[in-house]
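Student: Below is one structure. I have some questions about it.
The values are calculated or read from the model by the stated rules, or taken from the named source; none is laboratory data. A quick note: this is a predicted structure, and the numbers were derived from the prediction, not measured. Quick reminder, even Gly has a Cβ in these numbers, built from the backbone with ideal geometry, and neighbours come from all protein chains shown. Only protein heavy atoms, including side chains, enter the accessible area calculation; ligands, DNA and RNA are left aside. Shrake-Rupley method; radii C 1.70, N 1.55, O 1.52, S 1.80 Å.
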Amino acid sequence: MNLAGVCALALLAQAPAMSPRTPTKAVPTAPAPMSPVRENGWTPLTPEQRAALIADPAEAPLAERLLGMSERFLNTPYVLSPLGEGQGVDPDPPFRLDAVDCLTFVEETLALSMAHAEPEVPALLERIRYASTPSYEDRNHLMEAQWLPNNIKKGLLVDVTRQYAKDDSVAVTKTLTARTWQSKSSMALQLPRERQPVGTFTLNMIPLEKVLTHAREVPSGTILVVMREDLPQKATRITHLGFVVQKKKRTYLRHASKGGYNRVVDEDLETFLARNARYDKWRVTGVSLFEARRPPATLASQPAPARGRADVGAP
């Protein structure tokens, strides 16, 4: 499967891997064997060194923290959907630093960067990954309907697409209907009907051909998400994401890539976009940009609420 296909699965499902012959039935009872062999900037650290790294300098600008934390993931092996709830539908561990996919790389980097101390990381990661409670059904599975709007409502993200693209930014939508949830890929999420979002969700987008015009204006640490054309049978049109990195007068995308890399890399954005422009089965239409924000001081230290559920992005 090519880069686009794997990342689409990672973002759409983030669910346990399923047999290609029985895509809606095979649910593992234990984590799938994983044997990452590459060393990254996290694996050599002792627990004490990791805690010290997270705590110092905790008050540095968030963009600076995002660059430092994400850099330590460079060379980390790509493993599809490496995180779960540690039990139930997806028994993969809720946190790990030796394997990521495109979404969990961004989620863990955000949690590590926002934390003032290591004990805050689990609670922050829960708030990023889940609407409210750390359960499979309450996970932010869908980018347009859940992950983005929930994290914007929590004050953790701000849509800055129009800020940098100005008049080149266009409004686009993703529509989810009961029919969408009857497709093979949507059913693979194994969500009960009452937890299947429906409605039309709006995002700002920079058309693919306009991205490089504005790329140098986008600060390092900005989250870039890749958007494809809206297909009714697909529950998402966002299939990849990573961090913008400006260096050596060039713009790069720091991302967990399957493709020919199979690890976290800094890839020249022009090269990345040119490859995406060649996909014809599910056409890439553009990108959106989001700035991470520090949570309120009390948010990081408090445990996730045991009851209730955040809104999932009103249509």
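Student: Using the eigenvalues of the Cα gyration tensor, what equivalent ellipsoid semi-axes result for the range 57-121 when each is taken as the square root of five times the eigenvalue, whole Å, largest first?
Tutor: They are 23, 14, 8 Å, listed from largest to smallest.
Student: Looking at the range 38-158 from every direction and averaging, what is the projected area of its Cα convex hull in nm²?
Tutor: On the way: hull surface 29.4 nm².
Average projection, Cα convex hull of the range 38-158: 7.4 nm².
Student: Given points 7 Å out from each Cα along the Cα-Cβ axis, report the Thr177 to Glu64 separation in nanometres with one decimal.
Tutor: Spacing of the two 7 Å Cα→Cβ label points: 5.1 nm.
Student: Something else: What pairs from Lys174/Lys234; Lys153/Lys184; Lys166/Lys234; Lys153/Lys258; Lys174/Lys281; Lys166/Lys258 go past 21 Å between their alpha carbons? The partial results should precede the final answer.
Tutor: On the way: Lys174/Lys234 9 Å; Lys153/Lys184 30 Å; Lys166/Lys234 29 Å; Lys153/Lys258 31 Å; Lys174/Lys281 18 Å; Lys166/Lys258 32 Å.
Too far apart for the 21 Å limit: Lys153/Lys184; Lys166/Lys234; Lys153/Lys258; Lys166/Lys258.
Student: Here's something else I'd like to know. Once ligands and nucleic acids are excluded and a 1.4 Å probe is used, how much of Phe105 is accessible, expressed in Å² to the nearest 10?
Tutor: Solvent-accessible area, nearest 10 Å²: 0 Å².
Student: Please list Tyr252, Tyr261, Tyr130 from largest to smallest accessible area, probe radius 1.4 Å, with all protein chains kept in place.
Tutor: Numbers: Tyr252 45, Tyr261 75, Tyr130 10 Å².
Final ranking, largest accessible area leading: Tyr261, Tyr252, Tyr130.
Student: What FRET efficiency do you get for Asp280 and Met187 if R0 is 22 Å and r is their Cβ-Cβ distance, rounded to the nearest 0.05?
Tutor: On the way: r = 26 Å, r/R0 = 1.17.
The value I calculate is 0.30.
Student: If packing is taken as the mean number of other Cβ atoms within 10 Å per residue, what is the order of 58-70, 215-227, highest first? Display every interim value, and only then the final one.
Tutor: Values: 58-70: 17.4, 215-227: 20.5.
Final packing ranking: 215-227, 58-70.
Student: What whole-number value in cubic angstrom gives the convex hull volume per residue for the C-alpha atoms of the range 204-277?
Tutor: Once divided by residue count, the hull of the range 204-277 is 106 Å³.
Student: Roll a 1.4 angstrom probe over the protein heavy atoms and tell me the percent of accessible area of the range 57-139 that is carbon or sulfur.
Tutor: Carbon plus sulfur share of accessible area: 60 percent.
Student: How high is the FRET efficiency between Glu209 and Phe95 when r is their beta carbon distance and R₀ equals 35 Å, given to the nearest 0.05?
Tutor: Details: r = 39 Å, r/R0 = 1.11.
Here the calculated transfer efficiency is 0.35.
Student: Straight distance only, please: which lysines reach the Cα of Lys248 with their own Cα at less than 24 Å, same-chain residues fewer than 8 apart left out?
Tutor: In chain and number order, the partners are Lys210.
Student: Still on this model: For the range 184-247, compute Rg over Rh where Rg is the Cα radius of gyration and Rh is the Kirkwood radius from the inverse mean 1/r over Cα pairs.
Tutor: Value, to two decimals: 1.07.
Student: Per residue, how big is the convex hull around the C-alpha atoms of the range 36-80? Give it to me in cubic angstrom, could you?
Tutor: Convex hull volume per residue, Cα atoms: 79 Å³.
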